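The values are calculated or read from the model by the stated rules, or taken from the named source; none is laboratory data. Since the structure is predicted, the reported quantities are computational estimates derived from the model, not experimental observations. In this analysis, Cβ positions are derived from the backbone assuming ideal geometry, glycine residues included, and neighbour counts consider all displayed protein chains. These area figures cover heavy atoms from the full protein model, side chains too; ligands, DNA and RNA do not enter into them. Shrake-Rupley method; radii C 1.70, N 1.55, O 1.52, S 1.80 Å.
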Amino acid sequence: MSTTTTATAQVFDNGVIKQASELKTGDKVFLAPTDRNKDVILDALRPFLSESNLVLEVASGSGQHVYHFSNAYPEVTFQPTEYDTSLFSSIHAYTADLPANNRVRAPLELDATKTEHWHAVSKAAIGSTGYDLVITTNVFHITPWTVATGIVRGSGQVLRSGGHFVLYGAFKRNGKFSTESNAQFDQTLRGRDPSWGVRDIEEIQKVAETEAQMRLVEIRDMPSNNYLLVFKKISLEE
Ligand SMILES: C[S@@+](CC[C@H](N)C(=O)[O-])C[C@H]1O[C@@H](n2cnc3c(N)ncnc32)[C@H](O)[C@@H]1O
């Protein structure tokens, strides 16, 4: 039997919004912001997904996004990952509803700061030269900077040459907030955990270019003052 609970309190725990706008039905965790942005993110990802065989999602959270993306691209193999392993059951519950021939693998544990976890993620790409695409949404502002740098470095390691790393969320440009509401959002985040905060695109770019063999190829404005950042893994010939 499935149970449904609603919660009103906003509790952050290790970067996961545990209860804000969260509706839990059986094992499925439902995050309202993730549901709201799933279509605009899917539309932005279409050119990359249509050219990909193997896609890594870093921080799959509830599993709502990987379910939605696989539904649209059943021929693409998705490898979900999550830091909070208690969310594995939610990822499983969503993906179990996909048609049997869809290709979503079981989630892997990934703490982006742990080298051994990235080795396991890399090993899971076996049979190919690496992942064609790495995606991650709404993670960098709600985790310490070491997690952001871990994701950038790790993505550079597991991507194939010419593959893309696509990042969605709230960011600053040249140290400046795009809106007053993003500046307030940053204050709220830092008030909850001083190691969190809206990150600067140029700081991420610096790590990508100097430590991860990736080049920033696109900064796209997205609804609600968010950005989509597209990095490309530089091939050895470039
Ligand atoms: C706001 S949630 C975003 C989840 C999902 N991508 C989405 O858009 O719904 C932030 C995510 O960061 C993950 N996270 C926190 N610490 C992490 C770490 N050390 N390594 C990797 N992911 C981490 C959390 O587990 C959580 O899934």
Worksheet item: At what distance in angstrom do the alpha carbon centres of region 74-133 and region 166-183 lie from each other?
Response: 28 Å
Worksheet item: Between ALA106 and ILE219, what FRET efficiency comes out of the Förster formula 1/(1 + (r/R0)^6) with R0 = 45 Å and r the beta carbon distance, rounded to 0.05?
Response: 0.85
Practice prompt. Identify which of ASN53, ASN174, ASN226 has the largest mean-square fluctuation in a Gaussian network model of the chain, with springs joining Cα atoms closer than 10 Å.
Written response: ASN174
Worksheet item: Considering the chain as a Gaussian network with a 10 Å cut-off on Cα pairs, which listed residue, ARG199, ARG46, ARG215, attains the greatest mean-square fluctuation?
Response: ARG46
Worksheet entry | Within region 116-204, percent of DSSP bridges classed antiparallel, to nearest 5 | 10 percent
Discussion item. Taking all protein chains in place and a 1.4 Å probe, what share, in percent, of the accessible surface of region 33-233 do carbon and sulfur account for?
Written reply: 47 percent
Worksheet item: With no solvent and one point per C-alpha, what does the Debye sum give as log10 I(q)/I(0) for the chain at q = 0.10, 0.12 Å⁻¹?
Response: -0.44, -0.64
Discussion item. Tell me which chymotrypsin sites (Phe, Trp or Tyr not before Pro) from region 47-142 have a DSSP coil assignment and no more than 14 other beta carbons within 10 Å of their own.
Written reply: none
Worksheet item: Anyone know which of ASP84, ASP97, ASP193 comes out most mobile in the 10 Å Cα GNM of the chain?
Response: ASP97
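Starting from the Cα-Cα distance between ALA183 and SER122, subtract it from 0.36 nm times their residue separation and give me the gain in nm to one decimal. Intermediate results must be reported in sequence, preceding the final value.
Details: separation 61, 0.36 × 61 = 21.96 nm, distance 3.64 nm.
Between ALA183 and SER122, full extension yields 18.3 nm more.
In what order, largest first, do ILE234, ILE91, ILE126 sit by accessible area if the probe radius is 1.4 Å? Each step should come with its number before you reach the end.
On the way: ILE234 40, ILE91 0, ILE126 135 Å².
Greatest to least solvent exposure: ILE126, ILE234, ILE91.
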Response to the item:
The pairs in LYS114/LYS233; LYS28/LYS232; LYS172/LYS232; LYS38/LYS172 lying past 24 Å Cα-Cα in this model are LYS28/LYS232
Discussion item. Give the residue list of trypsin sites (Lys or Arg not before Pro) in region 65-155 that are DSSP loop and have at most 16 other beta-carbon atoms within 10 angstrom.
Written reply: ARG105, LYS114
Worksheet, complete the sentence: Within the under-14-Å Cβ sphere about LEU98, not counting LEU98, Lys/Arg +1 and Asp/Glu -1 give a net charge of +1
Practice prompt. Skip the ligands, DNA and RNA, and give the accessible area per residue of the chain with a 1.4 Å probe, whole Å².
Written response: 47 Å²
Fill in: Contour minus Cα-Cα distance for GLU75 and ARG173 (0.36 nm per residue)
31.7 nm
Response to the item:
Checking region 102-194 for GluC sites (Glu not before Pro) in a loop per DSSP with at most 11 other beta-carbon atoms within 10 Å yields none
